[in-house]
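Asks: Just dropping this structure here.
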Amino acid sequence: MNAPVVLAQAAPDDLLQVVRDAVRLPQGARIVAAMSGGVDSTVTAALLARAGYDVVGVTLQLYDHGAAIQKKGACCAGQDIHDARMAAEAIGIPHYVLDYESRFREQVIEDFADAYLRGETPIPCVRCNQTVKFRDLLDVARDLGAEAMATGHYVRREVGLFGPELHRAADPARDQSYFLFATTAEQLAFLRFPLGGLPKPAVRAAALDLGLSVADKPDSQDICFVPEGRYTTVIDRLRPHGAEPGDIVHLDGRVLGRHEGVTRYTIGQRRGLNVAVGDPLFVVRIDADARQVIVGPREALLTNALTLKETNWIGDLPSLEAACDAGRPVLARVRSTREPVPGRLAVVDGEPGLVFDGAEEGVAPGQACVLYAPEAPTRVLGGGFIARTVRAV
């Protein structure tokens, strides 16, 4: 390894104190920094090193196919791995690249395709954090003798009366708590999020002050393994039978037309239906087994309850089931782009679920329902993937 490049100037003391407050470990403690090659994870590693920690950078190679290698705003492939390696050299820390392509394909990409075949709308970023990053990579960090693993996610880890809690980021525009709801209590005890208390402009400024070459690199966008944002390209390659045609059916039973595969439709979709009956129609349900896309008026998108699967609970009661039995009030977020809305946990048709205080529109199976505490609205209580919805009308 070449001698480390001297960075432009020391990070401001107040910024380093923010990092130390987030880490809560003595200086000299070994911390594995997950480095994707982007500005956030690079600044995380650099600030940790400047704050006096023994930092080891680890980058996962997750995919390496065609146009995605050079795709701007991607991560964990091609140029991004090179950027991570060069950043680690500049910071002066050891760096390892781990080939996780086969795990990522099985646990994230194939799961993504299968979810669309089931008529769901998946969130691969949640699945990636849940499996490859916060399960497999944490094991690697422990094997390297680390006392913690740090990432560039914009969330906060606060220590409460009963242990670590997960909270929304200080910068609401950058908050990523929706994508980290599956973080378990055991994982949260080991994880650190040094950027959670910082606004994005401060992170960009720190990258410039530290002389990091990724300071002006674009943020990651869309789904990292989907070239040009065309997710059907990936699904058609992995599961070609998803393009089998079927009927577009109105809620009243009328067959209105034909479609070219259920994988091309999502709940709430209006454009691209190619049917005309006068009033606007929306996709309100997908019956993958019957290869039917069911459409109806906008009011048919209203949902008053849902059931959850693959749940995670890091709240105050012993379990999600106990919280459902108690009718625990929550704030529920059913899309990453929406603000949480009030509701209560409940047993719905024999399964853990949620009942909204008011009807919510366009709730889609496969998306996450992330739960926050009404009495402390930044605190994440857990959540689950939406299994089934109950129509309000």
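The values are calculated or read from the model by the stated rules, or taken from the named source; none is laboratory data. Everything numeric here is computed off the predicted structure, so don't read it as measured data. Every residue, glycine as well, gets a Cβ built from its backbone with ideal geometry; the counts of neighbours run over all protein chains shown. Areas reflect the complete protein model, heavy atoms only, side chains present, ligands, DNA and RNA absent. Shrake-Rupley method; radii C 1.70, N 1.55, O 1.52, S 1.80 Å.
Asks: If you bin every alpha carbon distance in the chain into 10 Å steps from zero, what whole percent lands in each bin?
Replies: 5, 22, 29, 24, 14, 5, 1, 0
Asks: If I take the Cα coordinates of region 83-181 and project them onto the principal axes, what are the three extents in Å, biggest first?
Replies: Sorted from largest, the Cα extents of region 83-181 read 46, 37, 27 Å.
Asks: Expressed in nm², what is the orientationally averaged projection area of the convex hull enclosing the Cα positions of region 258-356?
Replies: With the hull built on Cα positions only, its mean projection is 8.0 nm².
Asks: Kindly report, to the nearest 10 Å², the accessible surface of Leu60 as traced by a 1.4 Å probe over protein heavy atoms only.
Replies: For Leu60, the solvent-accessible surface is approximately 10 Å².
Asks: Compute the long axis of helix 79-91 from its Cα atoms, compare it with the longest principal axis of the Cα atoms of the chain, and write down the angle in degrees, 0 to 90, nearest 10.
Replies: Tilt of helix 79-91: around 30 degrees.
Asks: Moving on. Find the Cα radius of gyration of region 185-256, compare it with 2.2 N^0.38 Å by division, and give the number to two decimals.
Replies: So region 185-256 has a normalised radius of gyration of 2.00.
Asks: Would you please give the FRET efficiency between Val341 and Asp13, computed as 1/(1 + (r/R0)^6) with r the Cβ-Cβ distance and R0 = 25 Å, to the nearest 0.05?
Replies: It comes out at approximately 0.05.
Asks: Determine the per residue accessible area of the chain with all protein chains present and a 1.4 angstrom probe, expressed in square angstrom. Let's see the in-between values first.
Replies: Numbers: 16900 Å² over 393 residues.
Normalised by residue count, the accessible surface of the chain is 43 Å².
Asks: Just the number, please: carbon plus sulfur as a percent of the accessible area of region 242-288, 1.4 Å probe, no ligands or DNA/RNA counted.
Replies: 43
Asks: Please give the Cα centre distance for region 345-360 versus region 119-150, rounded to the nearest Å.
Replies: Using only Cα atoms to place each centre, the spacing works out to 29 Å.
Asks: Continuing with the same structure: As a test question: what accessible area, to the nearest 10 Å², does Leu138 have when a 1.4 Å probe is rolled over all protein chains in place?
Replies: 0
Asks: Another question, if that's okay. On the accessible surface of region 122-212, probed at 1.4 Å, how many percent belong to carbon and sulfur atoms? Spell out each step's value before the answer.
Replies: Values: 1860 of 3270 Å².
The computed percentage sits at 57.
Asks: How much length would be gained if the chain were fully extended between Thr233 and Arg291, taking 0.36 nm per residue of separation minus their Cα-Cα distance, in nm to one decimal?
Replies: Full-extension gain reported as 19.0 nm.
Asks: Testing the spin-label approximation: label points 7 Å from Cα along Cα→Cβ at Leu256 and Glu244. State their distance in nm.
Replies: My value for the distance between the label points is 2.4 nm.
Asks: Next question. Any idea what angle helix 39-50 forms with the longest principal axis of the chain, computed on alpha-carbon atoms, 0 to 90 degrees, nearest 10?
Replies: Between helix and principal axis, roughly 30 degrees.
Asks: By the scheme Lys and Arg +1, Asp and Glu -1, what is the net charge of all other residues having a beta-carbon under 10 Å from that of Val249?
Replies: -1
Asks: Suppose R0 equals 25 Å. What FRET efficiency, 1/(1 + (r/R0)^6) with r the Cβ-Cβ distance, do Val159 and Asp357 give to the nearest 0.05?
Replies: According to the calculation, E is roughly 0.20.
Asks: Pairs of lysine in the chain with Cα under 25 Å and at least 8 positions apart or on different chains: total?
Replies: 10
Asks: Right, here's the next one. Between the DSSP loop rule and a limit of at most 13 other Cβ atoms within 10 Å, which chymotrypsin sites (Phe, Trp or Tyr not before Pro) in region 76-167 are left?
Replies: Phe162
Asks: Would you kindly give the portion of the calculated P(r) for region 329-393 that falls above 14 Å, as a percent of all Cα pairs?
Replies: Result: 53 percent of Cα pairs exceed 14 Å.
Asks: Could I have the simple spin-label model distance between Arg24 and Asp219, label points 7 Å from Cα toward Cβ, reported in nm to one decimal?
Replies: My value for the distance between the label points is 2.7 nm.
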